[in-house]
Amino acid sequence: MAADAPTSPRHVPDNPYPEEKETTVYAINRGFCAVIIVIFFALVLTPVVLDHLRRSSHEENGAAYAKRRAFWYEVFSPPSFDPNQPNPEKKKIVSHLRWLERGLDQADYAVAMRQNTQQWLIDKFAEGSQKVYIGWNGWLFYNADLKALTGYGPVKPEPFSVMKDPELAKLPTAAACITEFAAQLKERDIQLLFVPVPLKPMLYSSEVATSLEVKSITHPDAAKFYDSLRQQGVDVLDLTEDFVKFRNTPKNFYFLESTAANRDIARKSFEQTQEKEDAFLLQDTHWTPDAMRMAAEKVADHVKQKYPNAFRPMARTITSADGVYRDSMGDLVKLLDLKNPKSLFGEEEQFLRVVGDGTEDKYAPMVLLGDSFANIFDDPSIGFGDPDAPEKRIRAGFAQHLSLLLNQPLDVIAQNGKGATGVRREFARRHDDQVRGKKLVIWVIAARDVLLSRTAAHQANIEWDVVKFNPNKSPDALETSPVAATSSNIVVEASLSEKSANQDPVGTPYRDALHAAVYDVTSVGEGELAAKQIVGIQWTFKDKVMQPTASFTVGKKYKLTLVPWDGRKELHGLNLQDDTVAFDAPRFYVEKAEEVK
């Protein structure tokens, strides 16, 4: 028996193949295993502990950081539910884990490691990130735009194996939401013009892969999808061919005839005739000012031909006011989240044609719904702002130029990253008589929002949902308004009864985001307010940093300093998550907030 006993320890399985035995059988004693485990956890936890110890003595917003944000405090004292999940009844252990994971991702040590690693990868290997693809000749691309050209797309249903989250299958499709919205408008005698904006890689595919020498590329089902919308009564204006033509237009048609005296200048002028117009910015997801102007011209021509009844008489002409040169690094560079982006990328300079006053009117018969394509060159938070007045709107965007070309003011509702549902929800929240006073809705949206499959759209933070219109009439002008006509701030104490979901700062190219919350007013400390319920617009994150109002909890009482939302026009274009349906509640911007103990 002793001769037949195995020579290997009992816990090591015996390899039946003798020729491999020497390279596959290893035995490690328990003590050595314990040492390896201790070293591993020390390497993992040391940066975390040191980071929190360093910050434990600092004060943040008047409260000790160690008490509120220490690592062990977050682990063993999680919130009653995930702050990103507004419904407490849906709390799950996985929500707590994801909440903790997001907090660790935003810790100083994690940010420093991520930024330094990404900087090194770009510098040495021109390797992008999960969100940004680095192409040839300095071109940057949004990965969601690339995914919109392939995959299951807007027509073909995803199999269950691909749709890892079965809840996504219960959400309405883009097609269902668009056709339902068109039907809702038709019921109110309003026409819809749907304008999907072509994406950057559609026109610059050769900068993604040099083997793609084609004029344009799109998703194989794009044409079929747009045709299906047209068959259901939606007027779709596809600008892809117009962008292809623009992209292949020479920047200059004339050149100097070469002589002995001007040979160098003549050569340069001839070379310029070989250069094509730029339809998109080099380091940004958005179009150039010239391409934007071309798109505005095409939309204006279409509106003039098909919707003459949507125009109203104008007492004066809208005119251009000025022209300025402005610089911007590009939203894709910001999305790379580098420690020192200027060492790898330079700013792009563009000439912007600024439009005069009179382009926007909330009571205009034409409505423009849009996303960041409507806001670029107007909203300074996404680039090209005035360094001397960083919050001042630029007034050189799509909405202003479309208004100029139509010589009509527009009722503009444009929100960064919310072109799919957020802007429709904002429009549907208007009083019924205000909505029925409209004649035409022009819906301009990035094509990625409609071409991505459900899973890919969810990963890109694109939300499609059917909106509910407000059935209530607007209050008579002679009646007492629930909001006092005062420019001073209002200070109240109120209980939080409903809160929209927080957006993830890691998953969006935008630096700032807001969300809506419903408060039940218990007392008014300063100012006048007759309403017993309000909708507060408050910060989710600023410059990618989560704000205290993002973690407010339903059921708790807060002291709020309120400013009428209509008085903060400069914030209306920001990314706003609004899941509330409190149609009658007045809307305020939450300027200050603190919990009432």
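Give me 591, 127 sorted ascending by neighbouring Cβ count inside 10 Å, so fewest comes first.
Values: 591 15, 127 12.
Fewest-to-most Cβ neighbours within 10 Å comes out as 127, 591.
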Quick numbers on the range 315-445, Rg and Dmax over C-alpha atoms in Å, give 16.4, 54
Residues 177, 33 in order from fewest to most other beta-carbon atoms within 10 Å are 33, 177
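What relative contact order, as a whole-number percentage, does the range 490-595 give when Cα pairs under 8 Å and 6 or more residues apart are counted? Provide the component values of the computation, followed by the final result.
Details: 248 pairs, mean separation 38.9, N = 106.
Here the relative contact order equals 37 percent.
Hey, can you rank 438-450, 546-558, 362-374 by average C-beta count inside 10 Å, highest first? Spell out each step's value before the answer.
Numbers: 438-450: 24.7, 546-558: 17.2, 362-374: 22.8.
Result, highest mean first: 438-450, 362-374, 546-558.
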XL table 276/304; 438/532; 542/569; 392/557; Cα-Cα > 27 Å flagged, in table order, is 276/304; 438/532; 392/557
Going residue by residue through the range 393-410, the Karplus relation 6.51 cos²θ - 1.76 cosθ + 1.60 with θ = phi - 60° gives ³J(HN,Hα) values, rounded to whole Hz and with x marking Gly or Pro, of 5, 7, 6, 10, x, 4, 4, 5, 6, 5, 4, 4, 5, 7, 6, 9, x, 10
For the range 490-595, inverting the pair-averaged 1/r of distinct alpha-carbon atoms gives a Kirkwood value in Å of 13.8
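How much of the DSSP bridge set in the range 490-595 is antiparallel, in percent, rounded to the nearest 5? Show your work: numbers first, answer last.
On the way: 31 of 37 bridges.
The antiparallel fraction comes to roughly 85 percent.
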With R₀ set to 35 angstrom, the calculated FRET efficiency between the beta-carbons of residue 265 and residue 351, to the nearest 0.05, is 0.95
Nearest-0.05 FRET efficiency for residue 319 and residue 38 at R0 = 45 Å, using Cβ-Cβ distance, is 0.05
Any residue on another chain or 5+ positions along whose placed amide H is under 5 Å from the amide H of residue 414 is listed here as 370
With 0.36 nm assigned to each residue of separation and the Cα-Cα distance removed, residue 501 to residue 183 gains 111.7 nm
Residue-ordered couplings for the range 366-382, obtained by feeding phi - 60° into the Karplus form 6.51 cos²θ - 1.76 cosθ + 1.60 and rounding to whole Hz (Gly and Pro as x), are 9, 10, 10, 9, x, 10, 5, 5, 7, 8, 4, 6, 10, 7, x, 5, 10
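Read the figures in this text as sums done on the coordinates, not as results from a lab. All values reported here derive from a predicted model rather than from experimental measurement. Counting neighbours? That spans all protein chains shown, and the Cβs are built from the backbone with ideal geometry, glycine included.
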